[in-house]
1. Across the range 79-114, which residue is surrounded by the most Cβ atoms within 10 Å (Cβ to Cβ) among those that are part of a loop (DSSP other than H, G, I, E, B) and free of Cβ contacts under 8 Å to residues at least 60 places away in the same chain?
2. Just the residues that are small (Gly, Ala, Ser) and under 15 Å from Ala151 (Cβ atoms), please, taken from the range 169-222.
3. Residues in the range 239-263 that are under 18 Å from Thr62 (Cβ atoms) and either among the polar types (S, T, N, Q) or outside any helix (DSSP H, G or I) (or both): how many?
4. Return the residues of the range 218-242 that are in contact (Cβ under 8 Å) with a residue 24 or more places away in the chain and among the charged types (D, E, K, R); say none if nothing qualifies.
5. Filtering the range 210-250 down to residues that are in contact with a strand residue (DSSP E or B) (Cβ under 7 Å, 6 or more places away or on another chain) and among the β-branched types (Val, Ile, Thr), which residue is surrounded by the most Cβ atoms within 10 Å (Cβ to Cβ)?
6. Give me a count of the residues in the range 199-209 that are buried (at least 22 other Cβ atoms within 10 Å of the Cβ) and outside any loop (DSSP other than H, G, I, E, B).
7. Within the range 125-184, which helices (runs of 4 or more DSSP H) (wholly inside it) include 1 or more residues that are at pLDDT below 95 and crowded, with 22+ Cβ neighbours inside 10 Å?
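The values are calculated or read from the model by the stated rules, or taken from the named source; none is laboratory data. Since the structure is predicted, the reported quantities are computational estimates derived from the model, not experimental observations. When we count neighbours, we look across all protein chains shown, and the Cβ atoms used for this are built from the backbone with ideal geometry, even at glycine.
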Amino acid sequence: MALIQCRFFSEVLGLSTSMTVILPQPAKAQIGLGGSEVSGPFPALYLLHGLSDDDSIWLRRTSIERYVAELGLAVIMPQVDVSFYTDMAAGKRYWTFISEELPYICRSFFPLSQRREDTFVAGLSMGGYGAFKLALRKPDTFSAAASLSGALDVSVNRIDEVRRPIENNNQSLYEQIFGPAGPKDTENDLLYLLKTVDPASAPRLYQCCGTEDFLYEQNIRFRDACRNSGFDLTYEEGPGNHDWAYWDARIQDVLAWLPLNRA
């Protein structure tokens, strides 16, 4: 595998930002790690971080590079600050960045497939929310999306319980992201988005959450709404908390579930 720490300028954000990228590489002579014989353009997984992390966290807390070594899969891990992958009410336009600018930049930098069936997204916690928002608002772009312990019902304000409120003109972090009216029944509300998408044309969805996770009840609500609406959802739960021991194990399940050509 090739590991790239990429720093680049975003026109949408108006600043320099970063992403961590894993690209497939044949590596028969490398001791202890195989490689893939697949040549580009590569299928791509956009792998999203949580509220308190950045683009380096998946590489630092899991063995993601080793897990994808023989899959011929590129992994794109972007940096989005504490934005909830949203065009913030008082902040940067991270939704526009992640949904429009980033895929264009990545495909111009790296040999990635532009086909929907080769494009996937996954994330944990805040990133699980971002992954499902991309799947439901950009169903023509992604063929599969996975949420690990996702914050899937943001109409319930739990953000400031996880992270101490950051004051900006007397606004909490929740209000900085979603505005004073909040996200309920808007395009930032996943439960609302389920009502706006044809399940037959939506990406396949994978959802998992630990039964001891503080976001477990949110995940149950989303699971039930998803099933009632007829979406193609694979749901798994079991013992686990909101931590990297759980996510390191579950990302391996996600990779096994992705509809890759594994010939």
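1. Within the range 79-114, the first condition is being part of a loop (DSSP other than H, G, I, E, B), and the residues that meet it are 79-86, 88-92, 110-111, 113-114.
Applying the additional criterion that residues be free of Cβ contacts under 8 Å to residues at least 60 places away in the same chain yields 80-81, 85.
On the way: Val80: 26, Asp81: 14, Tyr85: 24.
The qualifying residue surrounded by the most Cβ atoms within 10 Å (Cβ to Cβ) is Val80.
2. Residues satisfying the conditions are Gly182, Gly210.
3. We begin by selecting, within the range 239-263, every residue under 18 Å from Thr62 (Cβ atoms); these are 240-258.
Within this subset, residues satisfying the condition of being either among the polar types (S, T, N, Q) or outside any helix (DSSP H, G or I) (or both) are 240-243, 252, 258.
Total satisfying the criteria: 6.
4. The first filter runs over the range 218-242 and keeps only residues in contact (Cβ under 8 Å) with a residue 24 or more places away in the chain, leaving 218-219, 221-222, 225-226, 229-242.
Once the filter is applied, which keeps residues that are in contact (Cβ under 8 Å) with a residue 24 or more places away in the chain and among the charged types (D, E, K, R), the range 218-242 yields Arg221, Asp232, Glu236, Glu237.
5. Among those that are in contact with a strand residue (DSSP E or B) (Cβ under 7 Å, 6 or more places away or on another chain) and among the β-branched types (Val, Ile, Thr), it is Thr234.
6. Qualifying residue count, the range 199-209: 5.
7. Numbers: elements: 126-137, 159-162, 173-178.
Ranges flagged: 173-178.
The rows are residues; the columns are (1) touching a Phe, Trp or Tyr at 6+ places or on another chain (Cβ under 7 Å); (2) closer than 21 Å to Val121 by Cα; (3) modelled with pLDDT of 80 or more; (4) surrounded by 20 or more Cβ atoms within 10 Å (Cβ to Cβ).
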| site | (1), (2), (3), (4) |
| --- | --- |
| Gly14 | no, no, yes, no |
| Thr20 | no, yes, yes, yes |
| Pro24 | yes, yes, yes, yes |
| Ser36 | no, yes, no, no |
| Leu47 | yes, yes, yes, yes |
